[in-house]
Amino acid sequence: MLDVRTLRDNYEEMKGRLSTRGGDLSVLDRFPEIDEKRRQLIQETETLKARRNEVSQEIAQKKKNKENADAIIKEMREVGDKIKALDESLRSVEEELETLMLSVPNLPHESVPVGKDEDENVEIRQVGERPTFTFEPKPHWEIGTALGILDFERAAKVTGSRFVFYKGLGARLERALISFMMDLHADQHGYQEVLPPYLVNRTSMTGTGQLPKFEEDAFKIREEDYFLSPTAEVPVTNYHREEILDDSDLPIAYCAYSTNFRSEAGSAGRDTRGLIRQHQFNKVELVHFVKPEDSYETLEKLTNHAENVLKKLGLSYRVITLCTGDLGFTAAKTYDLEVWLPSYDTFREISSCSNCEDYQARRASIRFRRDPNSKKKPEFVHTLNGSGLAVGRTMAAILENYQQADGSVLIPEVLRPYMGGIEKIEAK
RNA sequence: GGAGAAGUACCCAAGUUGGCUGAAGGGGCUCCCCUGCUAAGGGAGUAGACGGUUUACCCCGUGCGAGGGUUCGAAUCCCUCCUUCUCCGCCA
């Protein structure tokens with residue numbers, strides 16, 4: 001959420017910057033009017049309340065002295081009615097303002113390239129060697145199915161499309177990847193390990209920005225107002241919701257493995273085969289809470305941590321900066337990591353690292369106190385999150401990049417300790 | 001799932017004939033005095049937060065788990081919800 005005061009004072013400028021995202025900004029047109037109306041109502045109602053408080057004392061006095069207070073009680077009855085009416089208008093205006101503010105995306109950082117859509121994202125760097133094949137490389141779902149480690153057909157029978165069974169060494173490899181990533185981040189990158197709930201409530205989904213605008217993208221539990229978490233960013237960022245942290249607590253860095261669920265509404269027909277776009281997938285997520293002045297430096301670190309996973313796995317990738325038009329709703333700046341997938345003959349997203357600045361912190365009310373003895377107001381932290389990495393897509397990348405002419409797949413060196421020393425997955 | 005109890009400020013904890021309690025008392029914390037230092041002792045201070053207004057201070061409003069209601073006025077009365085605890089049942 002943007003700061004209402006800042007928006008009021010820099011309305012035209014901020015509107016201009018927001019428009020580079022390309023979305024519909026017409027909701028903002030109503031802002032000055034609603035904002036003004038709200039403050040006016042507050043003043044009116046508070047003046048009356050101050051008077052009511054005063055007169056209440058008077059009434060108490062008179063009652064105590066056994067004097068007659070009927071006249072002022074009658075007057076106060078009218079004041080009470082007015083207050084009630086004004087409070088009601090105020091409530092509806094505040095609700096309107098809230099709804100409006102929740103539907104306005106974050107302001108892009110000034111370093112973000114202005115652009116219309118993903119075609120205008122800017123490549124920062126390419127890292128690693130792409131494999132060369134003496135044969136036609138196969139897509140990962142063919143490799144995995146042939147090896148008997150992925151079973152899409154039975155998943156479709158048991159559940160539906162966009163689900164998969166991992167089996168045998170495939171299941172083992174998925175588990176190895178999760179452990180490898182978590183160990184790397186926890187032991188070498190300084191993150192604290194977290195295993196969060198997979199169901200989250202509506203307030204949490206609103207705190208990180210999935211709601212209210214993108215409800216159709218999430219799976220909703222029927223009986224409760226719970227959602228299947230689409231990313232560990234939701235539970236882990238909301239872990240500190242409505243808290244005031246101590247200066248000494250920061251920075252905080254969590255790494256969380258979780259299974260994620262997405263409805264993929266609107267993605268019908270895209271990536272229908274393979275592991276790339278599943279309703280359920282595993283992901284290791286990195287989440288930071290930092291002081292505002294540190295967040296951009298942290299974004300670089302966070303991105304490097306995610307890159308490290310790819311480097312150690314020996315996968316070729318590139319880093320791109322999302323342009324304003326491709327930026328996510330809550331992000332001020334985002335780097336995507338895209339891994340090389342031979343069968344696609346292109347790079348595909350495998351991680352997205354974002355600085356949300358104080359946008360989520362304001363929605364979720366996550367603050368910190370710079371000086372415990374100062375009377376100054378607490379400030380909002382900056383939150384960042386990034387995948388480190390999407391495990392299913394990593395599995396796809398390994399199958400494709402490490403495939404051999406005979407249909408087998410080599411296990412990257414760093415994973416072998418997690419695979420009981422196995423070096424290769426072969427057909428039985 | 002059934003039965004019961006409770007949610008007051010950093011912590012503990014008073015407070016149901018509604019109005020000198022927006023909150024007693026204790027602990028903790030901060031400052032001062034005393035003491036060579038420490039301990040002990042004495043004194044003073046201590047809602048935080050949000051909103052309006054403001055350069056800032058002051059001021060005003062909200063606030064006793066959350067949200068409604070009754071009332072001139074609610075921590076105190078009524079309703080709904082949430083959370084925690086205890087017992088029973090069930091269960092990975």
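Among the residues of region A:125-142, write down those that are closer than 12 Å to A:TYR317 by Cα and either aromatic (Phe, Trp, Tyr) or under 32 Å from the mean Cα position of the chain (by Cα) (or both).
Once the filter is applied, which keeps residues that are closer than 12 Å to A:TYR317 by Cα and either aromatic (Phe, Trp, Tyr) or under 32 Å from the mean Cα position of the chain (by Cα) (or both), region A:125-142 yields A:ARG125, A:GLN126, A:VAL127, A:GLY128, A:GLU129, A:ARG130.
Among the residues of region A:279-295, is there at least one that is in a loop (DSSP other than H, G, I, E, B), of a type outside the set (Lys, Arg) and open to solvent by 10 Å² or more (accessible area, probe 1.4 Å)? Within region A:279-295, one or more residues are in a loop (DSSP other than H, G, I, E, B), of a type outside the set (Lys, Arg) and open to solvent by 10 Å² or more (accessible area, probe 1.4 Å).
Hey, among the residues in region A:203-220 that are under 17 Å from A:THR330 (Cα atoms) and in contact with a strand residue (DSSP E or B) (Cβ under 7 Å, 6 or more places away or on another chain), which one's most open to solvent (accessible area, probe 1.4 Å)? Here the residue is A:ALA218. Scanning region A:221-235 for residues that are surrounded by 23 or more Cβ atoms within 10 Å (Cβ to Cβ) and aromatic (Phe, Trp, Tyr) gives a single hit, A:PHE227.
Which helices (runs of 4 or more DSSP H) sit wholly inside region A:166-255 and have at least 3 residues that are more than 15 Å from the chain's Cα centre (by Cα)?
Values: elements: A:169-183, A:202-207, A:233-238.
Passing ranges, in order: A:169-183.
Residues in region A:150-169 that are open to solvent by 50 Å² or more (accessible area, probe 1.4 Å) and either in contact with a helix residue (DSSP H, G or I) (Cβ under 9 Å, 6 or more places away or on another chain) or within 23 Å of A:SER408 (Cα to Cα) (or both): A:GLU153, A:ARG154, A:SER161, A:PHE165, A:TYR166, A:LYS167, A:GLY168, A:LEU169.
In the set A:SER258, A:SER263, A:SER267, only one residue is of a type in the set (Gly, Ala, Ser), within 26 Å of A:VAL391 (Cα to Cα), in a loop (DSSP other than H, G, I, E, B) and open to solvent by less than 20 Å² (accessible area, probe 1.4 Å); that residue is A:SER267. Test A:GLU110 against the criterion of being part of a helix (DSSP H, G or I), more than 16 Å from RNA strand B (Cβ to nearest atom), surrounded by fewer than 12 Cβ atoms within 10 Å (Cβ to Cβ) and not hydroxyl-bearing (Ser, Thr, Tyr), and give yes or no. No; evaluated as a whole, the condition is false for this residue. Based on what the data block shows, is A:ASN308 within 24 Å of A:VAL194 (Cβ to Cβ), at pLDDT 95 or above and open to solvent by 40 Å² or more (accessible area, probe 1.4 Å)? The answer is yes for A:ASN308. Checked against the criteria, A:PHE380 does not count as surrounded by 23 or more Cβ atoms within 10 Å (Cβ to Cβ), within 16 Å of RNA strand B (Cβ to nearest atom) and among the aromatic types (Phe, Trp, Tyr). With respect to the conditions (1) crowded, with 21+ Cβ neighbours inside 10 Å; (2) part of a helix (DSSP H, G or I); (3) among the aromatic types (Phe, Trp, Tyr), A:TRP141 falls short on a single one, namely (1).
Are any residues in region A:28-62 exposed (fewer than 14 other Cβ atoms within 10 Å of the Cβ) and within 29 Å of the chain's Cα centre (by Cα), and if so, which ones? Hits for region A:28-62 are A:ASP29, A:ARG30, A:PRO32.
Here is a yes/no grid of residues against (1) touching a residue at least 24 places away in the same chain (Cβ under 8 Å); (2) at negative phi; (3) touching a Pro at 6+ places or on another chain (Cβ under 9 Å):
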residue: A:PHE281; (1), (2), (3): yes, yes, no
residue: A:ASP294; (1), (2), (3): yes, yes, yes
residue: A:LEU315; (1), (2), (3): yes, yes, yes
residue: A:TYR335; (1), (2), (3): yes, yes, no
residue: A:CYS353; (1), (2), (3): yes, yes, no
residue: A:ARG367; (1), (2), (3): yes, yes, yes
residue: A:LYS376; (1), (2), (3): no, yes, no
residue: A:PHE380; (1), (2), (3): yes, yes, yes
residue: A:GLY386; (1), (2), (3): yes, yes, no
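Of everything in region A:63-72 that is open to solvent by less than 90 Å² (accessible area, probe 1.4 Å) and under 59 Å from the mean Cα position of the chain (by Cα), the residue that is nearest to A:ILE83 (Cα to Cα) is A:ILE72.
The values are calculated or read from the model by the stated rules, or taken from the named source; none is laboratory data. Everything numeric here is computed off the predicted structure, so don't read it as measured data. Cβ sites come from the backbone with ideal geometry, for glycine too, and all protein chains shown count toward neighbours. Just so you know, the surface numbers come from the protein's heavy atoms only, side chains and all, with ligands and any DNA or RNA stripped out. Shrake-Rupley method; radii C 1.70, N 1.55, O 1.52, S 1.80 Å.
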